[in-house]
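Enquirer: Quick one: the structure is below, questions incoming.
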Amino acid sequence: MSKSVKDILSEVKAYFLIALGLLIYSIAWTIFIIPNGLLGGGITGVSALINYCTGFNISYSYAIINTILILIALKVLGSSFGAKTIFAIAILTVLLKVVPSLIPTTFIEELNTENGRFIGAICAGILAGVGIAITISQGGSTGGTDIIALIVNKFRRIPPGKTILYCDIIIVACTLIIPSEDNWSTRIATMLYGYILIVVNSFTLDLVLNGRKQSTQIMVFSSKYEELAERICKDMNRGVTLLDSQGGYTRNPGKVLVIVLKRTETNAMLKLIGKVDPEAFISVGSVTGVYGKGFDPMLNQ
């Protein structure tokens, strides 16, 4: 297969996965968030707020707000947004309009009646987090507060993640201004469910994107470095890097063993080191994204 054909198929796969991720995201809103009167973060949350207050269709307000933000971003930031972002916004606009008509109302009502709003918020956070993670992993973006964060970052140097968090907090807090006959305790409870939703969403997003890539880096300071290196290569089937070192106080020369391994192998490695040299000094750290033989393939492969 030629490289050009392979690249085309790779792009087609990426667009398909973006659409799949957005489908999962839209299902979370259709089944759990909107029926329970909850608010999530992002422009979808703003669109839901408008829907609760005016009845205006969520897909229309989502499309209008994102179009305005993209036009502003193109003016302020230049052509920073690729086709995948525009594609994602267009697809999600359609899905937010179409998906509600495809899922039976009785199914949605029974599911939410049986589980309650708390479980609904958790399920929504998980589904939405998985959907966004799939979209982001393929280079897509739902736009919205991401665009706002980039614009703010250009002028104020505020980290985008902090801006997005502040936006989500404010959006969910707007639950309190939605016209409703509920008393204030119910409104506050609804707001708290919204915060649970975005926390679960954020945790799931991080878990899906980085969880499987988390590995461990161990640095071992030991006088028995030769025996340790041999045992690690033989018993654990892991490579070892030896670095020259010198004690800051004693000035004695030595070697530092550096080992990178899967997170699930950490305890076995520590036990092996403890058997060979109980006096070894060990530093254990988490690393995300290890590429090469025995780990994830390189990003361009």
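Enquirer: Can you put Tyr166, Tyr52 in order of accessible area, largest first, using a 1.4 Å probe?
Expert: Details: Tyr166 120, Tyr52 55 Å².
Ranked from most to least accessible, the order is Tyr166, Tyr52.
Enquirer: Structure shown: which of Lys13/Lys262; Lys224/Lys271; Lys13/Lys162; Lys234/Lys275 lie over 26 Å apart, alpha-carbon to alpha-carbon? Walk me through the intermediate numbers first.
Expert: Details: Lys13/Lys262 28 Å; Lys224/Lys271 15 Å; Lys13/Lys162 32 Å; Lys234/Lys275 15 Å.
Cα-Cα > 26 Å for Lys13/Lys262; Lys13/Lys162; rest within.
Enquirer: Suppose accessible area is computed on protein heavy atoms with a 1.4 Å probe; arrange Tyr195, Tyr62 from highest to lowest.
Expert: Values: Tyr195 55, Tyr62 0 Å².
Largest accessible area first, the list is Tyr195, Tyr62.
Enquirer: Once you put a point 7 Å from the Cα of Asp235 and another 7 Å from the Cα of Leu71, both along the Cβ direction, what distance in nm separates them?
Expert: It works out to 6.8 nm between the two label points.
Enquirer: So, with a 1.4 angstrom probe, what is the percent of accessible area on the chain that is carbon and sulfur? Intermediate values should be presented prior to the final figure.
Expert: On the way: 10560 of 17030 Å².
Looking at the chain in its full context, I get 62 percent from C and S.
Enquirer: Mind putting a number on the dipole of the stretch 87-178 about its Cα centre? Charges go on the C-beta only, +1 for Lys and Arg and -1 for Asp and Glu, and I need it in Debye to the nearest 20. Intermediate values should be presented prior to the final figure.
Expert: Working: 6 positive and 5 negative charges, 120 e Å.
It works out to roughly 580 debye.
Enquirer: Would you kindly state how much longer the chain becomes between Ile282 and Phe203 on full extension, computed as 0.36 nm times their sequence separation minus their alpha carbon distance, in nm to one decimal?
Expert: 25.5 nm
Enquirer: Give me the accessible area of Val240, 1.4 Å probe, in Å² rounded to the nearest 10.
Expert: 40
Enquirer: Once P(r) over Cα pairs in 10 Å bins from 0, in percent is worked out from the coordinates, which option in [x] 6, 21, 25, 18, 16, 11, 4, 0; [y] 6, 28, 37, 22, 6, 1, 0, 0; [z] 6, 27, 33, 21, 8, 3, 2, 1, 0, 0 does it equal?
Expert: [x]
Enquirer: Heads up, I need the accessible area for Cys53: 1.4 angstrom probe, whole protein in place, Å², nearest 10.
Expert: Approximately 60 Å² of Cys53 is accessible to the 1.4 Å probe.
Enquirer: Filter the chain for me: DSSP H helices, axial length by Cα at least 30 angstrom, mean Kyte-Doolittle hydropathy not below 0.0. List them by residue number. Display every interim value, and only then the final one.
Expert: Details: long enough: 3-28 (38 Å, 1.13); 105-137 (34 Å, 0.94); 184-210 (39 Å, 1.07).
Helices meeting the span and hydropathy rule in the chain are 3-28, 105-137, 184-210.
Enquirer: Quick check on the stretch 1-133: take the gyration tensor over C-alpha atoms, sort the square-rooted eigenvalues as a ≥ b ≥ c, and tell me if it's rounded (a/c under 1.5), prolate or oblate. Mind showing how you got there, number by number?
Expert: On the way: a/c = 2.48, a/b = 1.45, b/c = 1.71.
Oblate shape, in that a/c is at least 1.5 and b/c is the bigger or equal ratio.
Enquirer: Same structure, new question: Positive end of the dipole of the chain, charges at C-beta (+1 Lys, Arg; -1 Asp, Glu), about the Cα centre: which of Gln217, Ser141, Leu96 has its Cα farthest in that direction?
Expert: Gln217
Enquirer: Quick one: ranking Ser26, Ser283 by accessible area, 1.4 Å probe, largest first, what do you get?
Expert: On the way: Ser26 0, Ser283 50 Å².
From most accessible down to least: Ser283, Ser26.
Enquirer: Work out the length of the dipole vector of the chain about its Cα centre, built from +1 on the beta-carbon of each Lys and Arg and -1 on the beta-carbon of each Asp and Glu, and round it to the nearest 20 debye. Don't skip to the end; give the middle numbers.
Expert: Values: 25 positive and 19 negative charges, 180 e Å.
Result for the chain is approximately 860 debye, rounded to the nearest 20.
Enquirer: Any chance you could run the full-extension gain for Tyr60 through Phe155? It's 0.36 nm times the residue separation minus the Cα-Cα distance, nm to one decimal. Can you show the working numbers first?
Expert: Working: separation 95, 0.36 × 95 = 34.20 nm, distance 2.98 nm.
Taking 0.36 nm per residue and subtracting the Cα distance, the gain is 31.2 nm.
Enquirer: Running a GNM on the chain with Cα contacts under 10 Å, which residue among Pro104, Pro253, Pro179 ends up with the highest mean-square fluctuation?
Expert: Taking springs between Cα atoms under 10 Å, the residue moving most is Pro253.
Enquirer: Can you give the relative contact order of the chain as a percent, counting alpha carbon pairs under 8 Å and 6+ residues apart? Don't jump to the answer; show the numbers that get you there.
Expert: On the way: 399 pairs, mean separation 61.4, N = 301.
Over the chain, the number comes to 20 percent.
Enquirer: Further question: Find the accessible area per residue for the chain; the probe is 1.4 Å, ligands and nucleic acids are left out, and the unit is Å².
Expert: Details: 17030 Å² over 301 residues.
That works out to 57 Å² per residue.
Enquirer: Compute a Gaussian network model of the chain, connecting alpha carbons closer than 10 Å, and tell me which residue from Ser61, Ser141, Ser223 fluctuates the most.
Expert: Ser223
Enquirer: With every protein chain left in place and a probe of 1.4 Å, what is the accessible surface of Val258, to the nearest 10 Å²?
Expert: 30
The values are calculated or read from the model by the stated rules, or taken from the named source; none is laboratory data. Fair warning: this is a prediction, and the values are worked out from it, not measured in the lab. Virtual Cβ from ideal backbone geometry, glycine too; neighbours counted across all protein chains shown. In case anyone asks, the SASA skips ligands and DNA or RNA and just uses the protein heavy atoms, side chains included. Shrake-Rupley method; radii C 1.70, N 1.55, O 1.52, S 1.80 Å.
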